[in-house]
1. Quick check on packing: order 301-314, 231-244, 260-273, 109-122 by the mean number of other C-beta atoms within 10 Å, highest mean leading.
2. Per residue of the chain, what 222 nm ellipticity follows from adding -39500 (n - 2.57) for every DSSP H run with n ≥ 4, rounded to the nearest 500?
3. Could you give the C-alpha radius of gyration of the range 256-442 expressed as a fraction of 2.2 N^0.38 Å, taking N as the number of residues it contains?
4. What percent antiparallel are the DSSP beta bridges of the chain, to the nearest 5?
5. Taking θ = phi - 60°, what integer Hz values does the Karplus form 6.51 cos²θ - 1.76 cosθ + 1.60 yield along the range 215-221, in sequence order, with x for Gly and Pro?
6. Heavy atoms only, probe 1.4 angstrom, no DNA, RNA or ligands counted: give me C336, C174 ranked by accessible area, highest first.
7. Scan around S160 for amide H atoms under 5 Å from its own, H built in the peptide plane at 1.01 Å from N, and keep only partners 5 or more places away or cross-chain.
8. By the gyration tensor of its Cα atoms, with a ≥ b ≥ c the square roots of the eigenvalues, what is the shape of the chain: rounded for a/c under 1.5, prolate for a/b over b/c, or oblate?
Amino acid sequence: MSNFILGIDLGTTSVKAVLLAAGCRTVAAGHSEPTAADLSDDSGIKAKEQDPGAIINAVNRCLAQLPGDKLQHVSRVGLTGQMHGVLFWKANSGCDWSNGNYFTPRDTSQLVTWQDRRCSSDFLSSLPKPESHFGVSTGFGCATIFWYMKHRPQFLEDFSVAGTIQDYVVSMLCGLDSCVMTPQNAASWGFFNTASSQWNENILKAAGFPVRLLPRCVPPGALVGQTHSDWHGIPAGTPVGAALGDFQCSVYSCMSSPADAVLNISTSAQLTFAMPADFTPPDSPQLESSISYFPYFDSSYLAVAASLNGGNALATFVETLTAWTKELGVEPRDSCLYEKLIGSALNQESSDLMVSPTILGERHAPLCLGQVTNISASNLSLGHVFRALCRGVVSNVASMMPVEHLQRAGVRRLVGSGSALARNEVLRQEVERAFPLQVVYGQNADSAVGVAMALCDRL
């Protein structure tokens with residue numbers, strides 16, 4: 001039997017694992033599981049946290065569904081997942097392998113995710129200025145650690161290691177007593193200079209930041225260790241790659257030409273294209289710019305319009321409708337409701353109702369929240385409202401990176417990807433109206449495939 005590369009994506013709402021046949025980029029098997037990891041926030045600090053135990057449980061369920069005979073022939077393991085967030089754990093006791101061929105978390109914090117809102121604009125403005133082209137927003141790992149420094153310093157004393165959730169899994173698989181991170185995830189934390197691949201240690205030390213928690217950085221595609229135990233049938237001693245960013249891996253799985261741009265709409269939304277090989281980002285943050293430059297592979301960059309508002313805005317609308325109907329004594333099912341909303345909007349081909357869906361603000365405009373305008377008696381049907389909401393999600397991303405910007409960069413084709421776009425024909429219609437380019441939808445546009453492909457290409 002041929003060898004396989006295992007790619008795992010630890011997403012915001014689900015975990016996906018794929019087995020890629022080494023050498024031919026063919027997906028031999030795959031499975032996904034919902035994490036149901038969100039924790040309720042009773043603290044009043046606008047926290048957005050997830051239970052790492054629920055996430056790892058979803059990983060274990062996912063791998064249990066993959067063919068055992070193929071897992072025995074895995075030659076590389078690659079991890080990717082949600083960026084920006086931070087998990088803390090104790091070195092040498094961060095997990096428990098006593099159940100057999102899988103581990104469960106132990107001595108960890110909750111995962112503070114990229115959606116966390118505890119860092120106010122005033123708090124962020126009080127932080128030192130980074131020596132990086134990336135600014136620092138709420139939900140970024142370093143901002144969260146600064147928040148704990150100010151509000152709960154004892155909390156940080158309980159832990160010796162920090163990383164993203166995907167970095168944590170790599171550390172546990174390899175039995176590492178520290179965290180190893182790629183620039184893709186490090187840049188998402190803030191206070192990381194991608195040109196030098198170094199943390200802003202002097203700036204952080206001067207501010208009293210616990211630099212002992214900063215991971216060591218290695219290039220994307222690097223191997224950081226080997227599985228120190230059998231894991232779901234994968235033999236001990238199997239090489240494991242440093243964890244990558246889910247966004248970069250999603251792009252890697254479907255961008256096949258420099259003339260391609262990729263529009264991903266999942267929980268959030270991103271529009272991106274590859275910068276020329278000789279591009280260098282600005283020296284300092286462009287705080288009011290809607291376009292950022294994410295480190296990619298081989299020292300290259302992606303130009304990215306990263307919106308906080310994507311499928312989550314649609315989900316919030318569905319949840320709100322569900323709550324309203326419950327108040328009226330009716331018990332609808334979310335999945336059924338979503339399909340009915342799509343059907344209503346497909347029957348309503350256009351609407352003059354205007355919805356700005358920025359319910360979470362945007363990183364470059366955190367106080368610019370959602371609006372509904374041009375309301376009339378004739379445009380209040382569910383078809384009108386959902387059509388306008390879908391158009392608003394697409395229009396918001398398009399306003400952050402206008403089509404003229406794409407055309408000047410030589411983009412001729414738009415590759416659509418992401419779970420929200422795949423599921424929602426109304427969104428796809430609005431994409432084709434907003435972008436007068438050739439639009440195609442990626443068959444394998446997902447991060448689990450992308451991390452496996454990235455490892456495969458670097459064998």
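The values are calculated or read from the model by the stated rules, or taken from the named source; none is laboratory data. Note that the structure is predicted; figures quoted are calculated from it, not measured. Quick reminder, even Gly has a Cβ in these numbers, built from the backbone with ideal geometry, and neighbours come from all protein chains shown. SASA here: full protein model, heavy atoms, side chains in, ligands and nucleic acids out. Shrake-Rupley method; radii C 1.70, N 1.55, O 1.52, S 1.80 Å.
1. 260-273, 301-314, 231-244, 109-122
2. Numbers: 16 runs with 151 residues, N = 459.
Per the formula, -9500 deg cm²/dmol.
3. Values: Rg = 17.6 Å, N = 187, 2.2 N^0.38 = 16.1 Å.
Compared with the compact-globule rule of thumb, the range 256-442 sits at 1.10.
4. Percentage antiparallel, nearest 5: 70.
5. Result, ordered by residue: x, 7, 9, 9, x, x, x Hz.
6. Result, largest first: C336, C174.
7. Answer set, sorted by chain and number: W89, K90, A91.
8. Judged from the Cα gyration tensor, the chain comes out rounded (a/c under 1.5).
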